[in-house]
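Asker: Please read through the structure below; I'll follow up with questions.
What follows is calculated from the coordinates using simple rules that are stated; it is not laboratory data. Only a predicted model underlies this, so the values are computations on that prediction, with no experimental measurement involved. Here the Cβ is made from the backbone with ideal geometry for all residues, glycine too, and neighbour counts use every protein chain on show.
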Ligand SMILES: Nc1ncnc2c1ncn2[C@@H]1O[C@H](COP(=O)(O)OP(=O)(O)O)[C@@H](O)[C@H]1O
Ligand SMILES: [Mg+2]
């Protein structure tokens, strides 16, 4: 299992996710939460993963850490990750409780998510919990652990760090709790931080502060970040590349500048139109995407976006599944029949790309 070498990670990449599929088999049917997602990250890069609620973003994040909620099951694809000794392993093949997976979770990849209240134990002080993370993943002395805990809280901008370590999570404001959670995630200097809606529950001012903090920490540590959000404004500010997801599939990806200047998928175009802008007059209704995400058990045939798509082509989009493929003359990838060659619009294309 440990010699499970994957060829799909270039020397300059930290992680590469290829054709990932994750299903939740439930009593009512199978939820295809992730149904084909591909992306790669280099050191120090930020990838924004964006899409409406329910499109599978958190499931991707949790799969990378091998902490899928039950009954989630990886159905295909791979997650290639480089170990400190330079071996490349496929995380999807590791046992969730294996020693290797536990060490990756602590020291290689860390997760920050939306509701820090649920990730802190109500029974232990913040200090105890930060110390516990350090104890598990470093060989610091007890005094070293105390010093490092204080340093971490100071680093994420928590005032009176020494005092705060003695407090419980419920005694902290939402913003401070989110900072403490980031401190805990960074305690072992991860090479990849997955931030799942890290600021969604916060007011705008605190949100901006937390995003600044993440950016600053990332620059100092050359850490890669996967930033999961439904907010394209956050992506514009933070990310180098973006992966747009719809109903479990990556539908468009590429450099943020290109995607914002020249979105190619009608879904991306709709998402971009629904960002409130300082140029949008209050009296106007914000244009957005018509309809809503279909129920997971009621996925449309062909392109799953077609019932909401303003560019729907009868006899094409309902008949075949578009392939996620590079778009000529750009660095973008897109899966849409508008960008397939005419001869490809009738022949059923192969599912997915390797
Ligand atoms: N534990 C679970 N059991 C069954 N279905 C789930 C579970 N967790 C998530 N799902 C379903 O998987 C899909 C993707 O969910 P999620 O990854 O949370 O999306 P997002 O983070 O983009 O909002 C949704 O349809 C959701 O209802
Ligand atoms: Mg989510």
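Asker: Would you work out the relative contact order for the chain, in percent, from Cα pairs under 8 angstrom that are 6 or more residues apart?
Answerer: Numbers: 646 pairs, mean separation 66.2, N = 354.
RCO, the chain: 19 percent.
Asker: If N is the number of residues in segment 130-192, what value comes out of its Cα radius of gyration divided by 2.2 N^0.38 Å?
Answerer: Values: Rg = 11.1 Å, N = 63, 2.2 N^0.38 = 10.6 Å.
Normalised Cα radius of gyration, segment 130-192: 1.05.
Asker: Extending each Cα 7 Å along its Cβ direction at residue 314 and residue 26, get the distance between those two points in nm, one decimal.
Answerer: Distance between label points: 3.4 nm.
Asker: Something else now. Hey, what did segment 65-197 get for relative contact order, percent, Cα under 8 Å, at least 6 apart?
Answerer: On the way: 159 pairs, mean separation 41.9, N = 133.
With pairs under 8 Å counted, the relative contact order is 32 percent.
Asker: Give the dimensionless ratio obtained when the Cα radius of gyration of segment 144-238 is divided by 2.2 N^0.38 Å.
Answerer: Relative to the rule-of-thumb radius for its length, segment 144-238 sits at 1.06.
Asker: While we're looking at this one, here's another question. Give me the three principal axis extents of segment 182-224 from the C-alpha atoms, as integers in angstrom, largest value leading.
Answerer: Reported extents, whole Å, longest axis first: 28, 16, 15.
Asker: Between the helical axis of 126-137 and the dominant principal axis of the chain, each derived from Cα atoms, what acute angle in degrees is found, rounded to the nearest 10?
Answerer: 80 degrees
Asker: Have a look at 236, 133, 261 and tell me which one the Gaussian network model of the chain (Cα, springs below 10 Å) gives the largest fluctuation.
Answerer: Of 236, 133, 261, the most mobile in the Gaussian network model is 261.
Asker: Picking from 66, 311, 18, which is most flexible by a Gaussian network model of the chain using Cα springs under 10 Å?
Answerer: Top of the fluctuation ranking is 311.
Asker: Roughly how many whole Å is it from the C-alpha centroid of segment 81-114 to that of segment 156-204?
Answerer: Using only Cα atoms to place each centre, the spacing works out to 22 Å.
Asker: Sticking with this one: Give me the log10 of I(q) over I(0) for segment 1-92 at q = 0.20, 0.23 Å⁻¹, as the Debye formula computes it from C-alpha points; what are the numbers?
Answerer: Results for segment 1-92 at q = 0.20, 0.23 Å⁻¹ read -0.98, -1.20.
Asker: Turning to a different aspect of this structure: Using Cα springs under 10 Å in a Gaussian network model of the chain, which residue among 257, 12, 318 shows the largest mean-square fluctuation?
Answerer: Highest fluctuation of the listed residues: 12.
Asker: Let me ask something else about it. Quick one: length gained pulling residue 124 to residue 215 fully straight, 0.36 nm per residue minus the C-alpha distance? Please list the in-between numbers first.
Answerer: On the way: separation 91, 0.36 × 91 = 32.76 nm, distance 2.94 nm.
Residue separation times 0.36 nm, minus the Cα-Cα distance, leaves 29.8 nm.
Asker: Something else: Any idea what Rg and Dmax come out to for segment 176-328 if you just take the C-alpha atoms, in Å?
Answerer: Final numbers for Rg and Dmax: 18.0, 54 Å.
Asker: What is the mean projected area of the alpha carbon convex hull for segment 10-64, to one decimal in square nanometres? All intermediate terms of the calculation are to be shown ahead of the outcome.
Answerer: On the way: hull surface 17.2 nm².
Taking a quarter of the hull surface, the average projection is 4.3 nm².
Asker: Now, a different point. Would you mind getting the Kirkwood hydrodynamic radius of segment 297-344 from its Cα pairs, rounded to one decimal in Å? List each step's numbers first, then the result.
Answerer: Details: mean 1/r = 0.0876 Å⁻¹.
Result for segment 297-344, one decimal place: 11.4 Å.
Asker: Over the Cα atoms of segment 40-169, compute the convex hull volume and normalise it per residue, giving Å³.
Answerer: Cα convex hull per residue, to the nearest whole number: 159 Å³.
Asker: Where does the chain land on Rg/Rh, using Cα atoms and the Kirkwood Rh? Can you show the working numbers first?
Answerer: On the way: Rg = 21.2 Å, Rh = 21.5 Å.
So for the chain, dividing Rg by the Kirkwood Rh gives 0.98.
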